[in-house]
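Let me begin by presenting the structure, written as structure tokens, before commenting on it.
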Amino acid sequence: MELAGKRIGVLTSGGDCAGLNAVVRAVVHRAVQGYGMKVIGIEQGTAGLLARPVMARELDPSIFTGDILRRGGTILGTTNKGNPFSYEMPDGQILDRSEEIIEAYRELELHALIGIGGDGSMAILRRLAEQGGLNFIGVPKTIDNDLGHTEVSVGYATAVDIATQALDQLQPTAASHSRVMVLEVMGRDAGHIALNAGVAGGADIILIPEVKYSLASIKRKIERTYAEGRNFLLVIVAEAVRDEEGQKVTETQASGAVTYGGIGEYIGHRIAEETGAETRVTVLGHLQRGGVPSARDRIMGSTFGVHAVDLVAAGKFDRLVAWSGRHCFDVPLQEAIAGYRAVQPDSSVMLTARGLGICFGDD
């Protein structure tokens with residue numbers, strides 16, 4: 001097929017993270033310079049395709065003057081609201097607006113669409129592609145790194161780096177004041193950020209949703225550490241960890257949305273009650289999503305972007321770009337969505353953490 005002049009769309013969907021701009025930049029460079037195609041950047045994710053006129057603009061390599069690669073967030077904007085299959089209108093009505101997105105794809109005269117998102121976004125975009133017969137390629141992005149069939153997702157490495165830096169900065173003040181410092185990090189369903197940052201940042205206790213903990217176990221770890229002559233401890237906890245009764249710890253936002261939040265305060269309060277230790281709690285929150293992307297995220301984003309365009313050129317659609325064993329490859333999108341990647345109890349990093357004497361609250 002003659003590719004010169006073909007138009008491909010690219011959008012970012014779901015929560016933002018570091019490294020998204022590296023993907024967009026790679027898509028543009030590879031498509032325009034490698035194949036002579038045109039790239040249409042769709043703004044605000046699926047919301048841009050629902051808008052009329054459609055929110056989109058042509059992207060050219062000349063816009064990437066050097067600074068965009070280094071930026072966090074996404075130059076295209078994104079959204080994690082408004083499922084087009086059950087879209088809540090201002091008057092409260094729930095409408096199926098999927099055909100409007102398909103119509104926008106055709107209005108833009110796209111040959112294919114590259115979507116950068118997590119499992120939720122991929123499921124919606126794949127359903128749209130099936131319904132409308134659209135050519136779609138997915139690029140994995142999630143700081144939780146819980147997408148199946150890929151070892152790495154864009155945004156994860158930077159999130160781990162930021163959480164590690166937070167532990168690095170909490171350690172001196174913890175030691176100065178003889179405190180137990182509790183750091184709450186993101187991790188909606190999986191504890192990869194907490195686990196890896198905990199090992200890298202020298203945490204004494206790591207709490208993740210995959211491992212059931214008890215306060216008695218945590219208390220024993222704190223008492224042993226004090227007995228060994230150290231006057232402080234570092235605790236890192238993933239936001240999806242539950243309280244001792246197995247209940248989710250959540251917050252209700254002004255919009256009415258219920259989100260994870262508060263487990264750090266809960267753990268800090270219970271540690272103080274059980275041990276008498278002076279505790280302080282830090283919640284990293286969206287700091288993990290922002291900032292300058294790490295080298296790893298820039299490399300992965302660039303690699304994924306190039307591979308996605310090559311799949312378009314080869315006519316291979318309904319695929320997710322993935323990474324394993326130092327190689328970029330691709331898998332059927334449905335398999336990737338169906339596969340979930342939680343922390344495995346026998347993974348090398350888990351075994352390393354236990355070998356270092358880190359407590360998971362289950363001993």
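The values are calculated or read from the model by the stated rules, or taken from the named source; none is laboratory data. Fair warning: this is a prediction, and the values are worked out from it, not measured in the lab. When we count neighbours, we look across all protein chains shown, and the Cβ atoms used for this are built from the backbone with ideal geometry, even at glycine. Surface areas here come from the heavy atoms of the whole protein model, side chains and all, with no ligands, DNA or RNA. Shrake-Rupley method; radii C 1.70, N 1.55, O 1.52, S 1.80 Å.
Summary of values
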| item | result |
| --- | --- |
| Those residues of segment 337-360 which are of a type in the set (Phe, Trp, Tyr) and under 30 Å from Gly138 (Cβ atoms), in sequence order | Tyr340 |
| Single condition Ile263 does not satisfy, out of (1) closer than 21 Å to Thr282 by Cα; (2) touching a Cys at 6+ places or on another chain (Cβ under 9 Å) | (2) |
| Candidate set: segment 322-335, residues that are of a type in the set (A, V, I, L, M) and closer than 20 Å to Ser302 by Cβ; chosen: the one nearest to the chain's Cα centre (by Cα) | Ala322 |
| Members of segment 255-277 found to be of a type in the set (A, V, I, L, M), open to solvent by 20 Å² or more (accessible area, probe 1.4 Å) and more than 23 Å from the chain's Cα centre (by Cα), listed by number | Ala272 |
| Val39, sole failed condition from (1) modelled with pLDDT under 95; (2) touching an Asp or Glu at 6+ places or on another chain (Cβ under 9 Å) | (1) |
| Of all residues making up segment 274-322, the number that are within 30 Å of Tyr226 (Cα to Cα) and either in contact with a Cys (Cβ under 9 Å, 6 or more places away or on another chain) or not in a helix (DSSP H, G or I) (or both) | 9 |
| Residues of segment 324-363 classified as modelled with pLDDT under 95, open to solvent by less than 80 Å² (accessible area, probe 1.4 Å) and among the aromatic types (Phe, Trp, Tyr), total | 0 |
| Pair list, Cβ < 9 Å and 6+ apart or interchain, from segment 80-105 residues that are free of Cβ contacts under 8 Å to residues at least 40 places away in the same chain to residues that are in a helix (DSSP H, G or I) and open to solvent by 100 Å² or more (accessible area, probe 1.4 Å) | Ser98/Arg127 |
| Considering residues of segment 227-239 that are over 20 Å from the mean Cα position of the chain (by Cα) and on the phi < 0 side of the Ramachandran plot only, the residue surrounded by the most Cβ atoms within 10 Å (Cβ to Cβ) | Val235 |
| Some residue of segment 300-321 being more than 17 Å from the chain's Cα centre (by Cα), modelled with pLDDT under 95 and farther than 30 Å from Gly361 by Cα | no |
| Selection status of Ile222, over 23 Å from Lys141 (Cβ atoms), of a type in the set (A, V, I, L, M), without any contact (Cβ under 8 Å) to a residue 60 or more places away in the chain and open to solvent by less than 40 Å² (accessible area, probe 1.4 Å) | yes |
| Matching entry among Gly133, Gly148 (being of a type in the set (Gly, Ala, Ser) and either over 30 Å from Arg296 (Cα atoms) or touching a His at 6+ places or on another chain (Cβ under 8 Å) (or both)) | Gly133 |
| Flag for Ser217 being among the polar types (S, T, N, Q), farther than 24 Å from Gly291 by Cβ and open to solvent by less than 10 Å² (accessible area, probe 1.4 Å) | yes |
| Sole residue being in contact (Cβ under 8 Å) with a residue 24 or more places away in the chain, open to solvent by 40 Å² or more (accessible area, probe 1.4 Å), within 13 Å of Val182 (Cβ to Cβ) and not aliphatic (A, V, I, L, M), chosen from Arg242, Arg296, Arg280 | Arg280 |
| Residue in segment 64-73 that is at pLDDT 95 or above and either small (Gly, Ala, Ser) or within 23 Å of Phe317 (Cβ to Cβ) (or both) present | no |
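Rundown of residues vs (1) within 21 Å of Leu333 (Cβ to Cβ); (2) of a type outside the set (A, V, I, L, M, F, W, C), yes/no style:
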{"residue": "Val139", "(1), (2)": "yes, no"}
{"residue": "His149", "(1), (2)": "yes, yes"}
{"residue": "Val152", "(1), (2)": "yes, no"}
{"residue": "Gly191", "(1), (2)": "no, yes"}
{"residue": "Asn196", "(1), (2)": "no, yes"}
{"residue": "Val199", "(1), (2)": "no, no"}
{"residue": "Asp204", "(1), (2)": "no, yes"}
